[in-house]
1. Quick check for me: using +1 on Lys/Arg Cβ and -1 on Asp/Glu Cβ, what's the dipole size of the chain about its Cα centre, in debye to the nearest 20?
2. Rounded to the nearest 500, what is the 222 nm mean residue ellipticity of the chain from helices alone, with -39500 (n - 2.57) per DSSP H run of 4+ residues and division by all residues?
3. Quick check on the range 21-166: what does the Kirkwood estimate of hydrodynamic radius come out to from the alpha carbon pairs, in Å?
4. Order of GLU32, GLU73, GLU66 from fewest to most other C-beta atoms within 10 Å?
5. Each residue of the range 107-117 in order: what ³J(HN,Hα) in whole Hz does its phi give by Karplus 6.51 cos²θ - 1.76 cosθ + 1.60, θ = phi - 60°, with x for Gly and Pro?
6. Among PHE143, PHE96, which comes first, second and so on when ranked by fewest other beta-carbon atoms within 10 Å?
7. Looking at the range 77-140 from every direction and averaging, what is the projected area of its Cα convex hull in nm²?
8. Just to confirm my numbers, what's the Cα centroid distance between the range 105-122 and the range 30-100 in Å?
Amino acid sequence: MSNLKTKPAVESVPVNIGIEGKDRKHLAELLESALANTYVLYAKIQGVHWNVAGPNFYGIHKMTEEQYGDLAESIDELAERIRAIGYLAPTQLATFLKMSQIKEAAELGDARAMLETLAQDHQTVAKNLRAAVKEAEEVDDVFTADMLTARIGSHEKFAWMLRASAAR
């Protein structure tokens with residue numbers, strides 16, 4: 001079992017896709033955690049996008065726009081996968097904040113600090129997704145494993161871009 005924060009998934013409809021009910025429930029919980037982390041990170045990146053200032057404003061503004069656009073698509077994919085395996089996707093911001101390992105920014109700080117924080121957050125999401133991939137593979141949910149594996153690549157690339165942009 002992973003150490004990801006989860007809450008009980010609420011089944012909405014029974015499905016028969018070749019994955020046991022208890023395994024689908026656990027997968028839904030892992031996907032909910034991924035969704036919560038992604039949603040909080042999305043909001044955090046948008047905050048940087050809106051508020052960054054300094055000599056690298058334009059480049060950071062464009063980079064964060066690309067990142068939050070990517071995350072918006074992944075939020076939809078994660079929620080739809082939860083639905084496809086028979087569970088309701090969480091919708092409340094309070095739920096996302098409670099479940100997420102990504103924390104809201106207490107303050108923005110300077111551009112470098114913002115970039116370093118976002119890089120760390122992307123790495124946290126990638127690490128948690130990696131654990132979820134292993135669990136999806138264990139129950140032969142290749143679709144979820146593939147989807148989350150692709151997300152790992154995106155988060156690792158974004159973390160690299162942010163680290164490189166924050167370098168002195």
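1. 480
2. -25000 deg cm²/dmol
3. Result for the range 21-166, one decimal place: 15.5 Å.
4. GLU73, GLU66, GLU32
5. Values, residue by residue: 8, 7, x, 7, 4, 4, 4, 4, 5, 5, 5 Hz.
6. Ascending number of Cβ neighbours within 10 Å: PHE143, PHE96.
7. 5.5
8. 15
We did not get these values from a lab; they are worked out from the coordinates using the rules stated. A quick note: this is a predicted structure, and the numbers were derived from the prediction, not measured. Note that we place each Cβ from the backbone using ideal geometry, even for glycine, and neighbour counts take in every protein chain shown.
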